[in-house]
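Comments concern the structure below.
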Amino acid sequence: RRRVARGRPTAAMPGAPDEAMMARLRNVLLTGRAGGAATDAVPGGLALLFDCDGVLADTERDGHRVSFNKVFEERGLGYSWDVDEYGRLCEVGGGKERMTFYMNKNKCWPEDCTNPTTEALVKGLPVDETRLALVKSCHARKTELFQELIGSGVVPLRPGILPLVDEAIAAGAPHAVCSTSNEAAVRTLVQTLMGEERYASFEFFCGDCVPAKKPAPDVYNLAASTMKLPKDKCVVIEDSGIGCKAAKAAGMACLVTTSTYTVDEDFSGADRIVPELEAAEVKLADLRALL
């Protein structure tokens with residue numbers, strides 16, 4: 001089974017927690033996140049599973065979209081995704097899958113990919129080796145550019161995220177990021193925007209760690225299994241319709257905090273929907289009440 005490591009602080013980061021919270025965090029890290037069967041006695045009374053893009057930060061429009069377009073320009077692909085177009089593409093989970101969907105729909109594969117050995121897809125990705133190599137290399141470069149963008153601090157955390165994370169740490173509540181995005185990009189975001197102490201408290205389940213991406217429940221199932229968590233003690237925080245479907249398919253409670261691209265999506269099954277955590281004054285007790 002894949003071992004999912006906690007964050008490893010590498011450098012001083014902004015937004016350091018206070019001393020009492022830091023002491024509590026060190027105790028949490030030293031006392032039992034790993035091993036054993038799932039138990040109803042979850043520290044803090046619940047576990048928090050955060051999506052990344054649109055939940056921790058509103059990264060899609062001014063982060064991922066901008067980075068994708070830089071790659072398209074570098075490769076001379078002859079197109080870019082405007083704000084509205086990218087919003088529609090966000091309904092496709094995963095960056096490599098998103099590029100594949102777009103180039104198939106618009107028949108805009110570059111010249112060396114116009115005569116594939118097969119048009120078949122497996123889990124949203126081309127079977128043809130040349131096309132698959134293209135989307136993988138473009139996505140790898142996009143991740144590099146996105147990390148540089150996040151590292152510059154131009155995309156802030158969404159209001160209400162830090163207080164909720166600090167509350168979870170103080171209560172000893174297990175917490176993780178469960179995202180279809182590349183793990184390196186997610187780690188960079190959490191390290192840069194939350195600081196090393198908070199970063200060290202998270203588990204990460206990202207990218208291609210599971211066979212099927214959201215709306216399949218795989219990533220949330222993996223988090224519960226790896227962290228030994230009973231699903232009825234897990235609260236997922238999502239911003240998208242496909243994320244909400246994934247959480248509910250995993251048998252977990254789900255709070256939706258809508259983001260730039262998702263405000264009009266279908267959130268059927270969500271246990272609560274808010275426009276923003278801070279504006280709705282969402283606290284740990286409010287999330288426990290969803291269980």
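The values are calculated or read from the model by the stated rules, or taken from the named source; none is laboratory data. This one's a predicted model, so the numbers in the text were calculated from it and none came from an experiment. For neighbour counting, all protein chains shown are included, and Cβ atoms are generated from backbone atoms with ideal geometry for every residue, glycine included. Protein only, heavy atoms only, side chains kept; ligands, DNA and RNA dropped before computing areas. Shrake-Rupley method; radii C 1.70, N 1.55, O 1.52, S 1.80 Å.
Here are the numbers for the structure shown:
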{"quantity": "Flag if Val83 is open to solvent by less than 60 Å² (accessible area, probe 1.4 Å), in contact with a helix residue (DSSP H, G or I) (Cβ under 8 Å, 6 or more places away or on another chain) and closer than 23 Å to Ala184 by Cβ", "calculated": "no"}
{"quantity": "Helices (runs of 4 or more DSSP H) within region 126-241 that include 1 or more residues modelled with pLDDT under 95", "calculated": "129-151, 183-194"}
{"quantity": "Enumeration of residues in region 97-125 that are closer than 19 Å to Arg75 by Cα and not in a loop (DSSP other than H, G, I, E, B)", "calculated": "Glu97, Arg98, Met99, Thr100, Phe101, Tyr102, Met103, Asn104, Asn106, Glu111, Asp112, Cys113"}
{"quantity": "Number of positions in region 242-282 that are assigned to a helix (DSSP H, G or I) and among the charged types (D, E, K, R)", "calculated": "2"}
{"quantity": "Residues that are in contact with an Asp or Glu (Cβ under 7 Å, 6 or more places away or on another chain) and closer than 12 Å to Leu56 by Cα, drawn from region 158-206", "calculated": "Arg158, Pro159, Gly160, Ala176, Cys178, Ser179"}
{"quantity": "Some residue of region 150-162 being open to solvent by 40 Å² or more (accessible area, probe 1.4 Å), in contact (Cβ under 8 Å) with a residue 60 or more places away in the chain and within 19 Å of Glu238 (Cβ to Cβ)", "calculated": "yes"}
{"quantity": "Selection count where residues are free of Cβ contacts under 8 Å to residues at least 60 places away in the same chain and either surrounded by fewer than 14 Cβ atoms within 10 Å (Cβ to Cβ) or hydrophobic (A, V, I, L, M, F, W, C) (or both), scope region 252-264", "calculated": "6"}
{"quantity": "Residue check for Ala285: in a helix (DSSP H, G or I) and open to solvent by less than 10 Å² (accessible area, probe 1.4 Å)", "calculated": "no"}
{"quantity": "Index of the failed condition, Ala47 passing every other in (1) modelled with pLDDT under 95; (2) within 29 Å of Asp286 (Cβ to Cβ)", "calculated": "(1)"}
{"quantity": "Residue ID - nearest to Val186 (Cα to Cα), chosen from residues in region 63-77 that are modelled with pLDDT of 95 or more and of a type in the set (Gly, Ala, Ser)", "calculated": "Ser67"}
{"quantity": "Residue match in region 14-31 (condition: of a type in the set (Lys, Arg) and at pLDDT below 50)", "calculated": "yes"}
{"quantity": "Considering residues of region 265-280 that are open to solvent by 30 Å² or more (accessible area, probe 1.4 Å) and touching a Gly at 6+ places or on another chain (Cβ under 7 Å) only, the residue farthest from Gly241 (Cα to Cα)", "calculated": "Glu278"}
{"quantity": "Filtered residues of region 120-142 (kept if touching a helix residue (DSSP H, G or I) at 6+ places or on another chain (Cβ under 6 Å), over 21 Å from Lys214 (Cα atoms) and either open to solvent by 70 Å² or more (accessible area, probe 1.4 Å) or of a type in the set (Lys, Arg) (or both))", "calculated": "Arg131, Arg141"}
{"quantity": "Selection status of Leu291, farther than 29 Å from Leu125 by Cβ, open to solvent by 50 Å² or more (accessible area, probe 1.4 Å) and of a type in the set (A, V, I, L, M, F, W, C)", "calculated": "yes"}
